[in-house]
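Following: one structure in structure tokens, then a few remarks.
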Amino acid sequence: MVEPEQAPRTGRNESTEERMDRNWMELIQELRVLQTGVQILGGFLLTLPFQERFEDLDDWQRGLYLFNVMAAALTTSLIVLPVSVHRRLFRQGLKSTLVSSANIVTKFALFGVAILIVGSASLVFDVVAGRTAGLVSGGAIILVLLVLVLGTPIWLHRRAVRNGNGNGNGSGPGKEV
């Protein structure tokens, strides 16, 4: 593992501290986007029990509903975790640790959002169009998310390498961009 002080230059004229500050702000911006999506889906879920048709849900639909509520709550917790940790460790010279741990937590939060998207869409399709439609829509969304979230970065990286833009400076999949 390369120490932050010894990391190769990435074309930016910034110190390690400036890079960590930039990376932290980029992560916080990403978490804001995630938070908005989770709030919208979570808000939608929280209104369902107060609808008249909620009583008509079968056991599978109620279970899926409760699973989605739990996914929304846990994902929200993951999204606020980096900010909470930052508050606890503020001014202790641990920005590199904060950035690397927030990066990991953000990846788990993205996974939580994916689960929430699949679960919420499956529930809606199940209630509106039936069990088969719910299961098919959930499976289709899983496939689309796999292509988008896993396949797209791999494809972009390969294309960049092919075009001579993959310069090995840490800008590949899973690395700082």
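The values are calculated or read from the model by the stated rules, or taken from the named source; none is laboratory data. Just so it is clear, the structure is predicted and the values come from calculations on it, not from any experiment. Please note: Cβ atoms are built from the backbone with ideal geometry, for glycine as well, and neighbour counts cover all protein chains shown. SASA here: full protein model, heavy atoms, side chains in, ligands and nucleic acids out. Shrake-Rupley method; radii C 1.70, N 1.55, O 1.52, S 1.80 Å.
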Which of the residues that make up segment 17-66 are aromatic (Phe, Trp, Tyr) and under 21 Å from the mean Cα position of the chain (by Cα)? Trp24, Phe44, Tyr65
May I ask you to list the residues in segment 124-157 that are at pLDDT below 95 and buried (at least 20 other Cβ atoms within 10 Å of the Cβ)? Val127
Go over the candidates Leu64, Leu148, Leu110, Leu116 one by one and state the one that is more than 17 Å from Glu30 (Cβ to Cβ) and of a type outside the set (Lys, Arg). Leu64
If you check Leu78 against the conditions, is it touching a helix residue (DSSP H, G or I) at 6+ places or on another chain (Cβ under 6 Å) and either among the hydrophobic types (A, V, I, L, M, F, W, C) or open to solvent by 30 Å² or more (accessible area, probe 1.4 Å) (or both)? yes
Evaluate segment 53-62: report whether one residue or more is surrounded by 16 or more Cβ atoms within 10 Å (Cβ to Cβ) and assigned to a helix (DSSP H, G or I). yes
Residue within segment 91-111 that is over 19 Å from Met20 (Cα atoms), open to solvent by less than 70 Å² (accessible area, probe 1.4 Å), modelled with pLDDT of 90 or more and in a helix (DSSP H, G or I) present: yes
Pair list, Cβ < 8 Å and 6+ apart or interchain, from segment 51-62 residues that are more than 18 Å from Ala133 (Cβ to Cβ) to residues that are open to solvent by less than 100 Å² (accessible area, probe 1.4 Å): Phe54/Leu48
